[in-house]
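Here the structure comes first, spelled out in structure tokens, and everything after it is commentary.
The values are calculated or read from the model by the stated rules, or taken from the named source; none is laboratory data. These figures come from a predicted structure and were not determined experimentally. For neighbour counting, all protein chains shown are included, and Cβ atoms are generated from backbone atoms with ideal geometry for every residue, glycine included.
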Amino acid sequence: MAGDPVISADERFMIVDDDQGQHGNSDLFVICRTRDGWTSPSRFAEPVNSKFNEGDPWVSADGHWLYFYSDRNAPAADRAPRVSHAVDRSAQPPWHPSDWLDVR
């Protein structure tokens with residue numbers, strides 16, 4: 001795995017980006033803590049990852065919000081920020097579709 005790791009505040013999971021994604025672009029991966037250590041990295045499926053680049057993950061303190069950049073259909077500059085919300089804090093968060101963050 002490449003870089004930009006972020007660990008949840010409760011230390012139950014870690015999210016990293018890697019440029020060896022499914023379509024040859026950067027994707028986000030989750031690594032979960034178990035009683036025996038950490039799981040192998042698992043690529044997030046859509047709606048988090050896409051055929052475009054995703055990276056620079058950050059998780060809110062409550063573990064319910066995943067922030068990252070993506071250049072998918074960017075309305076302005078590339079690497080536009082996105083946010084995805086998780087309503088359940090299970091071992092692998094079931095993130096909802098991401099939305100653009102309007103930072104203008």
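Points to keep in mind about this one:
- In the set (1) surrounded by fewer than 14 Cβ atoms within 10 Å (Cβ to Cβ); (2) modelled with pLDDT of 85 or more, D56 fails one condition alone, (1).
- Residue match in region 16-34 (condition: on the phi > 0 side of the Ramachandran plot, surrounded by 12 or more Cβ atoms within 10 Å (Cβ to Cβ) and at pLDDT 65 or above): no
- Residue-level analysis places A45 outside the set of residues that are surrounded by fewer than 15 Cβ atoms within 10 Å (Cβ to Cβ) and at pLDDT 85 or above.
- Filtered by the rule that a residue be more than 16 Å from D10 (Cα to Cα) and not in a strand (DSSP E or B), region 40-66 gives S40, P41, F44, A45, E46, P47, V48, N49, S50, K51, F52, N53.
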